[in-house]
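Taken together, the values in this text are just the output of simple stated rules run on the coordinates, not laboratory data. These figures come from a predicted structure and were not determined experimentally. Note that we place each Cβ from the backbone using ideal geometry, even for glycine, and neighbour counts take in every protein chain shown.
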Number of protein chains: 2
Amino acid sequence: MIKRRDFIKKTGMGALAVGSMVTGAEAFAAKPEFKWKMVTTWPKNFPVLGTNANYLAKTIEQMSGGRIRIKVYGANEFVPAFEAFDAVSRGTAQMGHGAAYYWKGKSEAAQFFTAIPFGMTAQEVNGWLYYGGGIALWEELYDRFNLIPTAAGNTGVQMAGWFRKEINSVDDLKGLKMRIPGLGGEVLKRAGGTPVSLPGGEIFTSLQSGAIDATEWVGPYNDMAFGLYKAAKNYYYPGWHEPGSTLETFINKDAFVQLPSDLQAIVKHACKDANMDMISEFTAKNNMALGTLVNKHKVVLKPLPDDVLKKLHGLSHTVVQEIIDRDSFSKKVYASYNGFQQQAMRWSEVSEYAFMRARLL
Amino acid sequence: MIKRRDFIKKTGMGALAVGSMVTGAEAFAAKPEFKWKMVTTWPKNFPVLGTNANYLAKTIEQMSGGRIRIKVYGANEFVPAFEAFDAVSRGTAQMGHGAAYYWKGKSEAAQFFTAIPFGMTAQEVNGWLYYGGGIALWEELYDRFNLIPTAAGNTGVQMAGWFRKEINSVDDLKGLKMRIPGLGGEVLKRAGGTPVSLPGGEIFTSLQSGAIDATEWVGPYNDMAFGLYKAAKNYYYPGWHEPGSTLETFINKDAFVQLPSDLQAIVKHACKDANMDMISEFTAKNNMALGTLVNKHKVVLKPLPDDVLKKLHGLSHTVVQEIIDRDSFSKKVYASYNGFQQQAMRWSEVSEYAFMRARLL
C-alpha cells in the first residue's frame, strides 16, 4: 500500500484539474447551510483512492440538495497529508479521507482498522465492520480524538509486489531490500529482509537502478499507472500483507452533531455507498490493467511459493502478538477481529473460495 | 435460491410484528411529500432478504428527513408476491424489491441480472454492474416496462444444498429428484436429474419423507432457520448455480421523475448502501450459522466432487447458449457479462482466490 512519505513529494499533483465535484455543486440552486472541508491523504484526484473521495463529496452534496457543500483538498493543499487527522480532530477541517494505519502514532490499534497481514478480505472485513462490532470499536478509539470514523472504501486484495529477482524460497527474502511499509514491512524484517521507506517519486528509479530489489504498491491499476513494470518484470501475488485494506472517513464530532438528523444520515450512508463504489471500481479497473500488463507489457505473473507464504504467515502472528501484548486497546480490537475471522474463514472456504476453485477446474 | 411458488403458502408470515421502519418513521416531524408503497417478493420480515428491504426504506426516510415515507409490504400483503413487477410497472406501487430472475417470463434476459451458474461472485458482479456497463443494460431492459432497476443486495455464494445421499460421481445426479429452481434446475435436468418445484412450506417434509432426494435454499443462515439439517445430513458446497445472486429494486419511472433531484439521488444511493449492507449481513450471519450447523447439529459439510462440478459447468454453458441463441437481448447482456467475467476471473485468481488459498496453507 501507499505510505505516508510517498505523498510529500507529490504535491505537484495538486495542480491537476479540479474534479467534477465543483462543477456538480454549481448546479445546485440551494444555498449551502454547511460548507465543509474534506482533507485527504491522497494527491488530488489520485486514481480511485482520491477520485473516490471526490465521489463521496459529490454524493453527499447531491443527496442533500446542496445543503452541505464539501470542498475536497488533495494532500498538502490545505494541510500536510499526514496532518489530516489532527486538522479534523481540532476542527480546522470537518472531514478527512485516508487510511487508519497512517495514525498508528496516535494509537497502535488504528492500523488494525485498515488491514492485517493474512487477515480478512474486503467482503469479510465489511461483515465485521457493519455486523461484527468493528465500527463500534473504531468509534470508541477515535472518540478520544473528537472524531467519528467509518469505512469509505476498500482496495480488495493487493499484489505482493514487483521483484527484480525471483523468490523461490524463504532464503531469497534474506537481505531483500524492499519498499514495504507498516505491518508488512515488520514481517519482512523478521524474515531477514530490509524494509525501506521511499517517497513515491523515488520508487521507480530506485527499483530500476537496483537500489532496492523489490517494491509493493497497490494493485494492477495503480501499479501500471506508476510504470513499475518497466523496472522489474516479476509481479508476485497475492498481497498477503494487505488482503483487503479499508479506506476511511473521519468526521469532526462537533461538526457532525451540528447537522440535522437527515444530513447526519446522508453523510453516514454516503460513506457506505462509497465503500461499495470503491471496491467495484478497483475490481473493474484491476481486471483490465492486469490484462494489459500481461498481454501488452509481458509482465511475468508469479505466485509466492507456499513455504514463503507459510513463513510470512507465522511471522505475521508474531508481529501482531507483540502489538497486542503491549497495547490493551489493540488487544481488544484484535480479539474481536480475529474471532470474526476464524468464523469467516470457515465460511469463505466453502463459499467464495470453493466456488472460485470450482470455476477454474 | 428461493423460487416464486415458495412464498405463496407463506403468507402467514405477514402476521409477524411490524418492522422497525414504521417506528422510525413516526419519529420524523416533517410531513411526507411522497408516500410510496414498496412491494416485495419476500414474506414480511423474511431474514436478511426481507429485513434488508425494511432497512432500505428506513434509510431513504432518514436521509430524506421523512419527505419520502415508504411502506414496505411483504409478499401477498398488497399484491401477490409475483405480481410485484406488474404492480410497480403500472404504478399501483412506486417501488419493488425482489430478484430479477423472477421476471424471466417478461424477458429471458432478466435472469442474467440475478445470477448465472458458474458466473461471477458478489464482488465481481458489482464491478460489472457499477463499472462494467451492467446497470445500463439492466435499465435498458426494464425501461420497456416503465421501470428503473438497480442492485440492492447480494447473497454471496450460496450452498449447493442438502442431500439425503452422498454425491460421489456424475452418475449420482441421474434420477436425483431435487428442488432447485431456474437455470440451476435446467442444468440438473441436462445431467439426468429431475428438478422439482415445491412451495417453501413443503420442502422440509418432502425432504424428510424422501419424496425428494435433495434441495437447495440459500445459505447457512436461512437454511438453518428452515430446519433443513433435520431432514438431510449431507450439506454440499459450493453453490455453483448461484455464486453471487443480486437482489434488486425496481422503481416506477413516472414516480421517480416526480421526485426532486435530491430525493432521486437519495433513492439511488440508498440502494447502493443496501447492496453493501446485505452482503455484510449475510457474511456475518452465515459465518455463525455454519459454525452452529457443524458443531451443534453435526451437519456433514462436503464439497461436490471435481468431476461433478466440471460436468455441471459444461452443461451450464449449454443452457446459457440456448438462451442467447433464441433471445437477442439475452445475447447482448451475456456478451457484456461474460466479457467482464473472463477478465474478472483472471484477477480474482491472483487476488481473492490466491490470498484465501495462501491463508489456508
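Take the Cα of residue B:331, step 7 Å toward its Cβ, do the same at residue B:261, and the gap between the two points is 4.0 nm.
Can you find, among A:260, A:145, A:98, the residue sitting farthest towards the positive end of the charge dipole of chain A, where Lys and Arg contribute +1 and Asp and Glu -1 at Cβ? Of the candidates, A:98 comes out farthest on the positive side. Legend: mean number of C-beta atoms from other chains within 10 angstrom of residue C-beta atoms, peptide B:154-162, equals 3.
About its Cα centre, chain A has a charge dipole of approximately 700 debye under the convention of +1 per Lys or Arg Cβ and -1 per Asp or Glu Cβ, with nothing else charged.
Could you tell me the distance between the Cα centroids of the range B:284-315 and the range B:322-361, to the nearest Å? After rounding, the separation between the Cα centres reads 22 Å. 3J(HN,Hα) along the range B:226-237: 7, x, 4, 5, 7, 9, 7, 8, 8, 10, 8, 9 Hz, from the Karplus curve 6.51 cos²θ - 1.76 cosθ + 1.60 with θ = phi - 60°, whole Hz, x for Gly and Pro. Structure remark: mean-square fluctuation, Gaussian network model of chain B, C-alpha springs under 10 Å; the largest value among B:261, B:64, B:206 belongs to B:261. First check a/c for the protein assembly as shown, with a ≥ b ≥ c the square roots of the eigenvalues of its C-alpha gyration tensor; if it is under 1.5, answer rounded, and if not, answer prolate when a/b is larger than b/c or oblate otherwise. Taking the square roots of the gyration eigenvalues as a ≥ b ≥ c, the protein assembly as shown is oblate. Per-residue shielding of A:174-185, expressed as the average number of other chain Cβ atoms within 10 Å of the residue Cβ, stands at 0. Taking each DSSP H run with n ≥ 4 as -39500 (n - 2.57) and averaging over every residue of chain B yields -14500 deg cm²/dmol at 222 nm.
Dipole orientation for the protein assembly as shown: of the candidates A:188, A:343, A:228, A:188 has the Cα lying most toward the positive pole (charges on Cβ; Lys, Arg +1; Asp, Glu -1). Of all the options A:187, A:125, A:196, the one that moves most in a Gaussian network model of chain A with Cα springs shorter than 10 angstrom is A:196. Residues within the reach of a label modelled at residue A:292 (point 7 angstrom out along Cα to beta-carbon, backbone nitrogen below 12 Å), restricted to the range A:53-90: there are none.
Quick check: Cα centre of the range B:171-209 to Cα centre of the range A:66-103, how many Å? Here the answer is 56 Å between Cα centres.
Rounded to the nearest 20 debye, the dipole size of the protein assembly as shown about its Cα centre is 220 debye, using +1 on the Cβ of Lys and Arg and -1 on the Cβ of Asp and Glu. Only lysine pairs 8 or more places apart or on separate chains count here, and in the range B:298-361 those with Cα atoms under 24 Å apart total 4.
In a reduced charge model with +1 at each Lys and Arg Cβ and -1 at each Asp and Glu Cβ, the range A:29-186 shows a dipole moment near 660 debye about its Cα centre. Look at the stretch A:120-131: the mean tally of other chain Cβ atoms within 10 Å of its residues' Cβ atoms is 6.
In angstrom, the C-alpha Rg and Dmax of chain A are 20.2, 64. Answer rounded, prolate or oblate for the range B:112-181, using the Cα gyration tensor with square roots of eigenvalues a ≥ b ≥ c: rounded when a/c is under 1.5, else prolate when a/b is larger than b/c, else oblate. It is prolate, given that a/c is not under 1.5 and a/b is the larger ratio.
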